[in-house]
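Please read the structure below before turning to the comments.
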Amino acid sequence: MKQILSHSITLIPDTDPLDNRYLFRIATDIASPIIIDLAELLKEFRNDRVEFRNDYKLWNDVYPGEKELEIFQNISEKALAENRKIHIINCTLREEVQIIRELYDGLGYFDTKENRFMVPFSEAPITIGVNIRNLAYSTKDYKSKRESICFIPPPREPGHVKTLFAAINSGVISTLGVNDPTKEEQLLKELLDTEKINLTTFSQIVYGNFQEIGCQVGRVEEWHVEL
């Protein structure tokens, strides 16, 4: 069995080096005064006029992306104006990713040799995170999943989800929020099975980057998985 760390893979003593089992550390109960949660801010703007139970795709309009983007723009602009460090979680939109990509470009964080952003998390004025559910589901899943995926922020169009994956792999999105590792184990495994995220990047976004950003990790779950 191998333990996957943020920047290395190590063999766990007295285990088979040729097996396909891996150990990850997953951070839960994350807390910090720098965290701003889009899910909490969106709750104020619920549109009760949308009859989403007649067509569950309309859940996307109960908490519309336009309002999420407006909130994101306001808090990021205010933070930069006040020279205040923030970490925005539960991002779902390609437009949010683009705002941070342009910010990082301007700060010189793009490494041409690595062909990705190398972000100094302790210094970056704004960092962003996504929730596992917004990577796992999109509007195409409403027909089969119905009420079970009516969380906040809602699953967005597949194009937004594709951008989120690209932003993780390019270093723009820094953290992945996991609500319950036991219940969401299959969602996490699918990210690795489909090779949408490599092993060390996965370790960074579920654990290492939270610490580098300066968040307090209340609990660390050890997750054993066979790939």
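So which of K85/K140; K78/K145; K78/K113; K85/K189; K2/K183; K43/K189 end up more than 26 Å apart by C-alpha?
Numbers: K85/K140 35 Å; K78/K145 37 Å; K78/K113 33 Å; K85/K189 32 Å; K2/K183 23 Å; K43/K189 30 Å.
Table pairs above 26 Å Cα-Cα are K85/K140; K78/K145; K78/K113; K85/K189; K43/K189.
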Task: Semi-axis lengths, Å, the range 9-69, gyration tensor of Cα atoms, sqrt of 5 times eigenvalues - done: 43, 19, 8
Open item on the list: What distance in nm lies between label points placed 7 Å from Cα along the C-beta direction at E77 and E222?
Closed with: 4.9 nm
Open item on the list: Please give the charge dipole size of the range 50-156, origin at the Cα centre, charges +1 on K and R Cβ atoms and -1 on D and E Cβ atoms. Round to the nearest 20 debye.
Closed with: 460 debye
- [ ] Have a look at R49, R156, R146 and tell me which one the Gaussian network model of the chain (Cα, springs below 10 Å) gives the largest fluctuation.
- [x] R49
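Could you work out the percent of alpha carbon pairs in the range 156-203 separated by over 14 Å, rounded to a whole number? Write out the running numbers ahead of the final one.
Numbers: 632 of 1128 pairs.
Value for the range 156-203 (Cα pairs over 14 Å): 56 percent.
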- [ ] Could you pull out the GluC sites (Glu not before Pro) across the range 193-227 that fall in loop regions by DSSP (anything but H, G, I, E, B) with no more than 11 other Cβ atoms inside 10 Å?
- [x] E195
TODO: Answer rounded, prolate or oblate for the chain, using the Cα gyration tensor with square roots of eigenvalues a ≥ b ≥ c: rounded when a/c is under 1.5, else prolate when a/b is larger than b/c, else oblate.
DONE: oblate
- [ ] In debye, nearest 20, what is the charge dipole magnitude of the range 82-227 about its Cα centre with +1 on Lys and Arg Cβ and -1 on Asp and Glu Cβ, if you could check?
- [x] 420 debye
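Going through the range 85-135, which GluC sites (Glu not before Pro) have at most 16 other Cβ atoms within 10 Å and a DSSP loop state? List each step's numbers first, then the result.
Details: sites: E95, E96, E102, E114, E123; in loops: E114, E123.
Passing both the DSSP loop test and the Cβ count: E114, E123.
Report the equivalent ellipsoid semi-axes for the range 56-130 in whole Å, largest first, defined as the square roots of five times the eigenvalues of the gyration tensor built from alpha carbon atoms.
Details: eigenvalues 129, 48, 18 Å².
In descending order, the three semi-axes are 25, 16, 10 Å.
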TODO: Compare the Cα positions of N20, F52, S203 along the charge dipole of the chain (+1 at Cβ of Lys, Arg; -1 at Cβ of Asp, Glu; about the Cα centre) and return the one farthest towards the positive end.
DONE: F52
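None of the figures in this text is laboratory data; all of them are computed from the coordinates on show. This structure is a prediction, so every number in the text was calculated from the model and none was measured. Every residue, glycine among them, receives a Cβ derived from its backbone with ideal geometry; neighbour counts consider all protein chains shown.
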